[in-house]
Each structure stands twice: as structure tokens, then as C-alpha cells.
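Notes follow once the structure below has been shown.
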Amino acid sequence: MNKNANYFIKILFAFTLIFFIAQGLYIHFVYKSYLDIIGLELADRTDGGMILYQWWMAGKHGINLLHHAWLNTIVDFFFIIAYIGMIRIISYNLLQKENKPLLIKLLRLGSRFAFIAGILDIMENIVLLYDLTNYYPGEYYISSMYFSYPKFILIGWIILIWLVAIAKRK
């Protein structure tokens with residue numbers, strides 16, 4: 001990646017994180033609640049339906065938390081681009097200082113796993129958007145956990161390899 005792409009990725013990553021924090025604070029102070037998006041992503045049908053029901057009931061001025069969750073999910077598409085880019089940037093930087101062939105292969109594999117995690121995240125977001133757009137109490141809820149768990153496992157594996165690469169240097 002060139003330097004302009006790296007700057008763009010870093011700025012996009014920072015802006016999406018700032019958005020998520022600002023939205024979380026807004027919801028905390030205005031609604032006296034919070035969006036447990038990760039909880040919804042990992043929830044089965046029953047738990048996910050209950051989370052959506054609670055968000056549906058927590059309304060103010062005609063807007064419920066489902067609207068904020070929908071907005072959060074839309075912004076998450078930008079975050080996917082940002083975190084895939086950040087994973088590639090960090091993996092590339094760790095790779096440049098590495099001399100062990102096995103660790104080099106694992107770091108390269110981690111970059112490829114980032115794309116798979118991103119695809120799983122996109123599929124998860126599509127399911128969440130469907131649920132958030134079509135929710136009405138008592139209606140059928142489609143769980144996104146089948147995409148979320150493998151995504152988090154892949155990202156955890158990437159971070160574990162990073163930690164091994166960093167620890168090996170010390």
C-alpha cells in the first residue's frame with residue numbers, strides 16, 4: 001500500500017471510532033441506555049429478539065434505539081474497510097522486521113484472513129440491517145451469530161500472531 005492509502009485508512013479508522021464513541025455517549029445520556037451491538041451480533045434468535053424488543057421500547061421523540069443501531073450498522077461498513085486496512089498495515093510493518101519463515105507465513109496469512117473476516121462482517125451487517133429494518137415485536141429474528149463468531153475467531157487469531165511476533169522480538 002502506498003502512503004496516501006495508509007493515511008486514508010488511518011483517518012477512516014479514527015473517524016469511525018470517534019463516531020461510535022460519540023453515538024454511544026449520546027445514547028447513554030439521552031436514552032439512559034446503550035447499544036450492545038456486539039451482543040446483538042453474537043445473540044441467538046431468542047436473545048437477539050429480546051435485545052431488539054428492548055431497543056424498540058426505548059424510544060424518545062418518536063425515534064427508538066433501532067434507528068441508532070441501523071445507523072451504527074451503516075457506519076460499520078466504513079469501519080470494515082478501515083480495520084481490514086489497519087490489519088494489513090500492522091501485519092506489513094511486523095513482516096518487515098521478521099526473519100523467521102514460519103512467522104512470515106503466519107503474518108501473511110493473517111492479512112488474508114482479514115479479508116475473510118471483512119466478508120463475514122459484511123454478511124453479518126446485511127443480516128443485521130434486515131432485522132433492524134423489518135423488526136416488529138413478535139416477528140421472526142434472523143441471528144447473525146453464524147457470521148460473527150468466525151469473524152471474531154479470525155481477528156483473534158490475527159492479534160495472537162501479532163503478539164507472538166512482538167514478544168519474539170523482546
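The values are calculated or read from the model by the stated rules, or taken from the named source; none is laboratory data. Just so you know, these numbers come straight off a predicted model, no measurement behind them. Quick reminder, even Gly has a Cβ in these numbers, built from the backbone with ideal geometry, and neighbours come from all protein chains shown. These accessible areas exclude ligands, DNA and RNA; they are computed on the full protein's heavy atoms, side chains included. Shrake-Rupley method; radii C 1.70, N 1.55, O 1.52, S 1.80 Å.
So, R0 is 22 Å and r is the distance between the beta-carbons of residue 70 and residue 112; what FRET efficiency does that work out to, to 0.05? The calculated FRET efficiency here is 0.10. Note on residue 14 and residue 2: their simple-model spin labels are 2.1 nm apart, each label 7 Å out from Cα toward Cβ. Across the range 1-78, the relative contact order, built from alpha-carbon pairs under 8 Å that are at least six residues apart, equals 27 percent. Shown is the FRET efficiency for residue 78 and residue 133, computed with R0 = 22 Å from the Cβ-Cβ distance and rounded to the nearest 0.05: 0.70. Only Lys, Arg, Asp and Glu carry charge here, each on its Cβ (+1 for the first two, -1 for the last two); on that basis the chain has a dipole of about 1200 debye about its Cα centre.
Overall, the accessible surface of the chain at a probe of 1.4 angstrom is composed of carbon and sulfur to the extent of 69 percent. Work out the charge dipole of the chain with +1 on the Cβ of Lys and Arg and -1 on the Cβ of Asp and Glu about the Cα centre, then indicate which of 50, 8, 117 is farthest towards its positive end. Ranked along the dipole, the leading option is 8.
Protection proxy ranking of 150-163, 9-22, by the mean of other Cβ atoms within 10 Å over each peptide's residues and highest first, is 150-163, 9-22. Taken over the range 11-134, the ratio of Cα radius of gyration to 2.2 N^0.38 Å equals 1.29.
Computed with every protein chain present, the accessible area of residue 47 is close to 90 Å² [probe 1.4 Å].
Suppose all protein chains stay in the model; what accessible area per residue would a 1.4 Å probe give for the range 1-123, in Å²? Please report the intermediate quantities before stating the final value.
Details: 7420 Å² over 123 residues.
That works out to 60 Å² for each residue.
The alpha carbon centroids of the range 8-82 and the range 90-115 are separated by 32 Å.
Taking each residue as 0.36 nm, the span from residue 97 to residue 122 lengthens on full extension beyond its C-alpha to C-alpha distance by 5.8 nm.
Note on residue 26 and residue 153: the model spin-label points, each 7 Å out from Cα along the C-beta direction, lie 3.6 nm apart.
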